1. Tell me which residues, restricted to the range 320-350, are more than 17 Å from H279 (Cα to Cα), open to solvent by 10 Å² or more (accessible area, probe 1.4 Å) and not charged (D, E, K, R).
2. What residue, of S568, S489, is out of contact with any helix residue (DSSP H, G or I) (no Cβ under 9 Å at 6 or more places or on another chain) and at pLDDT 95 or above?
3. If a residue has to be of a type in the set (A, V, I, L, M, F, W, C) and within 36 Å of the chain's Cα centre (by Cα) to count, how many in the range 127-165 make the cut?
4. Tally up the residues in the range 260-287 that are open to solvent by less than 20 Å² (accessible area, probe 1.4 Å), in a loop (DSSP other than H, G, I, E, B) and of a type in the set (S, T, N, Q), please.
5. Condition check: open to solvent by 50 Å² or more (accessible area, probe 1.4 Å) and over 24 Å from L306 (Cβ atoms). Does E353 satisfy that?
6. Name the residue that is least open to solvent (accessible area, probe 1.4 Å), counting only residues in the range 226-237 that are hydrophobic (A, V, I, L, M, F, W, C) and over 16 Å from G492 (Cβ atoms).
7. Counting just the residues of the range 486-500 that are in contact with an Asp or Glu (Cβ under 9 Å, 6 or more places away or on another chain) and part of a loop (DSSP other than H, G, I, E, B), which one comes out surrounded by the most Cβ atoms within 10 Å (Cβ to Cβ)?
8. Among the residues of the range 294-303, are any closer than 20 Å to V486 by Cβ, within 28 Å of the chain's Cα centre (by Cα) and either in a loop (DSSP other than H, G, I, E, B) or small (G, A, S) (or both)?
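The values are calculated or read from the model by the stated rules, or taken from the named source; none is laboratory data. For clarity, every value in this text was computed on a predicted model and none was experimentally measured. Using ideal geometry, Cβ is built from the backbone for each residue, glycine included, and neighbour counts are taken over all protein chains shown. Please note that ligands, DNA and RNA were not included when accessible areas were found on the heavy atoms of the full protein model with its side chains. Shrake-Rupley method; radii C 1.70, N 1.55, O 1.52, S 1.80 Å.
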Amino acid sequence: MGGVGDEEPATKRMKLSPGQLRGLSNGSSITEPVAGSSRDLMARPLTSEGDEEVVGSKGVIKRVEFVRLIAKALYSLGYKKSSAHLEEESGIPLHSSVVTLFMQQILDGNWDGSVDTLQKIGLSDENITKSASFMILEQKFFELLDDEKDMDALKTLRTEIVPLCINGSRVRELSSCIVSPSFGGTPGKNIARAKSRPKLLEDLQKLLPPTVMILERRLEHLVEQALVLQRDACIFHNSLNEEMSLYTDHRCGRDQIPSRTLQILQAHSDEVWFLQFSHNGKYLASSSSDRLAIIWEVDVNGCVSLKHRLSGHQKPVSIVSWSPDDHQLLTCGVEEVVRRWDVSSGECLHVYEKPGLGLVSCGWFPDGKWIFSGVSDKSICMWELDGKELECWKGQRTLRISDLEITSDGKQIISTCRDNAILLLDREAKVEILIEEDQTITSFSLSRDNRFLLVNLLNQEIHLWSIEGEIKLVAKYKGHKRTRFVIRSCFGGLEQAFIASGSEDSQVYVWHRGSGELIEALPGHSGAVNCVSWNPTNTHMLASASDDRTIRIWGLKELKVKHRDAHSNGVHYCNGGT
């Protein structure tokens, strides 16, 4: 069902005089209709050949409903005369005279009259009638209180609201408004006060059957819904700026997907294992078997340049993790230590280690005050930034080579606890949930909204799990190659509507998340593609890391990239070639 839109401007509401309201009730017509009112009493069906009960080629749109929705939309847009003329010419009233009178009585604050008129509408469900009466009388109660007519408000409560015999808890709250003056000395100030009368009318529209009172903005809602469904069905939709028109069906092309190599970054001297864009999209961090991590800077034009080489690890650097504010970066060596770096200066701020053990993964808590890491003894440890160990979850919590994630509320830590199982550890409730696969898990990643988990498997499949509420497998993606190495995938694009993955066949694969359809297989690398990362603030920028020692930056095909020196700060610029 459609929602209620913003209130109409005051100029779009016409107030009827008592005489006009009487005219509505005794069968005469009105001259100026209230917004959303009826001219049914002046409406006369015009005889025309070919009038049908349904319109449209599919035969599913009822003519009466369609005309009423158009009339309602015209009133909402302020075209009262056009709407009234439509009612007259079609012979289809927007509302009955009783409903029109009821609506005007609500806007006028004629509470007793509106309750009486409500009974005349002829609702089949008595519960709806009682609930609507309760809403009206509650408004009357609060307006009396606001006018400091406490005794009249008490009388309304006792003689009109209580006899309805519904919503007892709310009745007690209303009683407290009179019996116990609260906070600040004014009765009932801690209880929801009187709403505006137009808002009350909107709430009543939601309660009453739509055949009686059409919801505000109903036609607009249906049109928006149609556009959204078209957009969601478009597997290439990947731009906020993509205009949608009512004149044509929405359809994007492949040119919305980053599929052209714009830059090749060549600052690493060995296989590039991991990379990740910062949350603000202004930086890219990469890690390599050459024992280096590199921070790259993304300028306003989308060009990527080297900012800092981070040296100090004695083993290959397996993973990096950005702080929530993107001011710091964690790097983890293979079963070694975790280092924390200042992004601005490139300085190492702290080294985290466990004597006799190696660290295998790292991450930040959402507030940026703590970090956590997987340990080679299969435990997970948490530290303050200064290195003080706060907590350690012992047991089979992680593997020697393991991804580690934490939800944005900081409550749930996610890790690979067995070859074929992922552990969801609730820190507060001390509850553990397992996601079990039939195949060995090689890597996983968490969606930005914490609702989905993307799991890479040994059998060359990627599984999408919903972890919100009931845990369930919702999609599978196939096509990429994985036989020996850890291959990582990621969410990306507009509203993370796409899945991208590396592959051992040197290509980058892109699927539409919802349909599972393979959209692109991007050639260019000359070695296995180990990891991909989609820029969270630029839906048209994708990065890939490969065993060929390079990082490729992918963008849209039509973008023009200015040629610069072949080598500049470790960056090789190209215009889509290999």
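1. The answer is V334, V337, S345, G346, C348, L349, H350.
2. Working: S568 fails: at pLDDT 95 or above.
The match here is S489.
3. Filtering the range 127-165 down to residues of a type in the set (A, V, I, L, M, F, W, C) leaves 128, 132, 134-137, 141-142, 144-145, 151, 153-154, 157, 161-162, 164-165.
With the extra rule that they be within 36 Å of the chain's Cα centre (by Cα), the set shrinks to 128, 132, 134-136.
So the answer is 5.
4. Total satisfying the criteria: 1.
5. On the way: open to solvent by 50 Å² or more (accessible area, probe 1.4 Å): yes; over 24 Å from L306 (Cβ atoms): yes.
For E353, the condition - open to solvent by 50 Å² or more (accessible area, probe 1.4 Å) and over 24 Å from L306 (Cβ atoms) - is met.
6. Pass one, the range 226-237, residues hydrophobic (A, V, I, L, M, F, W, C): 226-229, 233-236.
Then drop every residue that is not over 16 Å from G492 (Cβ atoms), which leaves 226-229, 233-234.
Details: A226: 46, L227: 38, V228: 59, L229: 111, A233: 78, C234: 16 Å².
Of everything passing the filter in the range 226-237, C234 is least open to solvent (accessible area, probe 1.4 Å).
7. Among those residues, the one meeting the criterion is R488.
8. No - not one qualifying residue is present in the range 294-303.
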